[in-house]
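Presented below is the structure to which this report refers.
The values are calculated or read from the model by the stated rules, or taken from the named source; none is laboratory data. These numbers were taken from a predicted model, which means no experiment stands behind them. Don't worry about glycine lacking a Cβ; one is built from the backbone with ideal geometry, like all the others, and counts go over all protein chains shown. We work out accessible area using only protein heavy atoms, side chains counted, and drop any ligands, DNA or RNA first. Shrake-Rupley method; radii C 1.70, N 1.55, O 1.52, S 1.80 Å.
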Amino acid sequence: MAQVAQPGSAEIIAQFDRYVIGNYRRYPVALVRGEGSWIWDAEGTRYLDFFPGWGCNLLGHCPPRLVEAVREQVGQLIHVPNTWYIESQGAFAQALSERSFGGQAFFCNSGAEANEAAIKLARVHGHPAGKSKIVTMTGGFHGRTYAALTATAQPKYHAGFEPLVPGFEYVPYGDVEAAAAAIDDSTAAVLIEPIQGEGGVNVPPPGYLTALRRLCDERGALLMLDEVQTGLGRTGNWFAYQHEAGLIPDVLTCAKALAGGVAAGVMMARPEVARSLVPGTHASTFGGNPIACRAGLATIETIEEDGLLRRAGELAARFEGHFRKVRDERPDLILDIRARGVMIGVELSKDASPVVAACLERNLLINATHGTVVRLLPALTLTDEQVDEGCGILAEVLRAL
């Protein structure tokens, strides 16, 4: 059989520009193949990826165990509706429950969907007691569906989409007194990221989440943690809330890394809260499909068998060493280094977007967020040599600013 020629980047981009809605800013690179932390464009140029899949590819591109699990699954069963039982969905729910707080799972396809489910659960659970207010934090990001967008307390994401969903109140992240003033008897839930990602990789002060737990208990509200970006090992624990001893949420959402890059989201809830969702109250057509669940189980198995939770801490220390060296040279440029595991933010004194562009020219893929923060969400499978190579490029770019 004659081989079909691979189209070049210009051809792929021209097709996109004509037929795909332009609601994303895209770099002029067409990616065609990935392996671990390397990815190649249509012309065969190789890039080192420190932001694989926006953090979804926690195991890197095309990890063999996950690829094999998906390949096997698509040969058996691709999709069935949630009116039937499938073994892999129950097994995946059990695996997540046993690695978190013993909750029950609702599966969906993304972080926004998971947060939308959490908001609906909070409203229906609080409805008999007249509780409907949702408290969220400034600088947070919870997705772009309507309720999740409203929960996202950043005006730039709201502009043009008003009126938003009523019943949300925003308070400053990390401010216990502000939270205490906002959480009252009408509050159904507090929704918060244990580490803010899009908001600039912001780690809250020690004890903050525990203080929110106490306030929620006192006022009969649910504590809901958005672990869409932090969940499933990125911070060195299965979930970021586990860094705070004794903290137990009522509801937790997770997506991105959940199935190693296959589209998947989940909302976990304590059983006594979860029972408020009865048949007909919420659904997701593709949520918990066999492919995503098999991919999720393969992701968990890989993290455990390859010791990747421990590896997250090693990688964090190596990255931090590189960035501290640059900060010692340029304290005027690097204002702060914030990291937990392989969730890393470097705050600059100037716009970070030129850093992304300059790294791309040197075949390193990174991200900037919140205007001045260089954000890295690399794979847990990154090697020491790859850390050194990528940080060397980044340091060279930073020193030139």
_I'd like the full set of residues that are part of a loop (DSSP other than H, G, I, E, B) and within 23 Å of the chain's Cα centre (by Cα), limited to region 36-77._
Ser37, Phe50, Phe51, Cys56, Asn57, Leu58, Leu59, Gly60, Cys62, Pro63
*If you scan region 37-50, which residues turn out to be within 22 Å of Gly341 (Cβ to Cβ) and surrounded by fewer than 19 Cβ atoms within 10 Å (Cβ to Cβ)?*
Trp38
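Does Gly199 satisfy being assigned to a loop (DSSP other than H, G, I, E, B), at pLDDT 95 or above and not polar (S, T, N, Q)?
Details: assigned to a loop (DSSP other than H, G, I, E, B): yes; at pLDDT 95 or above: no; not polar (S, T, N, Q): yes.
Criteria not met by Gly199.
So, Gly231, is that one in a loop (DSSP other than H, G, I, E, B), closer than 29 Å to Gly126 by Cα, in contact with a Cys (Cβ under 6 Å, 6 or more places away or on another chain) and modelled with pLDDT of 95 or more or not?
Numbers: in a loop (DSSP other than H, G, I, E, B): yes; closer than 29 Å to Gly126 by Cα: yes; in contact with a Cys (Cβ under 6 Å, 6 or more places away or on another chain): yes; modelled with pLDDT of 95 or more: yes.
Here the answer is yes, as Gly231 does meet what is asked.
So, in region 362-387, of the ones that are over 23 Å from Arg46 (Cα atoms) and among the hydroxyl-bearing types (Ser, Thr, Tyr), which residue ends up most open to solvent (accessible area, probe 1.4 Å)? Talk me through it step by step, then tell me what you get.
Going through region 362-387, the residues over 23 Å from Arg46 (Cα atoms) turn out to be 369-373.
Next, from what is left, pick out any that are among the hydroxyl-bearing types (Ser, Thr, Tyr): 369, 372.
Working: Thr369: 4, Thr372: 40 Å².
Ranking the qualifying residues of region 362-387, first place goes to Thr372.
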*Test for Gly265: is it in contact (Cβ under 8 Å) with a residue 12 or more places away in the chain and within 22 Å of the chain's Cα centre (by Cα)*: yes
*Can you tell me how many residues in region 277-297 are in contact with a Leu (Cβ under 8 Å, 6 or more places away or on another chain) and under 18 Å from Val251 (Cα atoms)?*
2
*Among the residues of region 293-325, write down those that are over 18 Å from the mean Cα position of the chain (by Cα), under 30 Å from Leu398 (Cβ atoms) and aliphatic (A, V, I, L, M).*
Leu315, Ala317
*Please state which one of Pro155, Pro128, Pro163 is out of contact with any Lys or Arg (no Cβ under 6 Å at 6 or more places or on another chain) and over 30 Å from Thr285 (Cβ atoms).*
Pro155
*Which residue, of Gly44, Gly8, is of a type in the set (Gly, Ala, Ser) and modelled with pLDDT of 95 or more?*
Gly44
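Check whether at least one residue in region 175-186 is of a type in the set (S, T, N, Q), touching a residue at least 24 places away in the same chain (Cβ under 8 Å) and closer than 15 Å to Leu225 by Cβ, and report yes or no.
The answer is no, given that none of the residues of region 175-186 is of a type in the set (S, T, N, Q), touching a residue at least 24 places away in the same chain (Cβ under 8 Å) and closer than 15 Å to Leu225 by Cβ.
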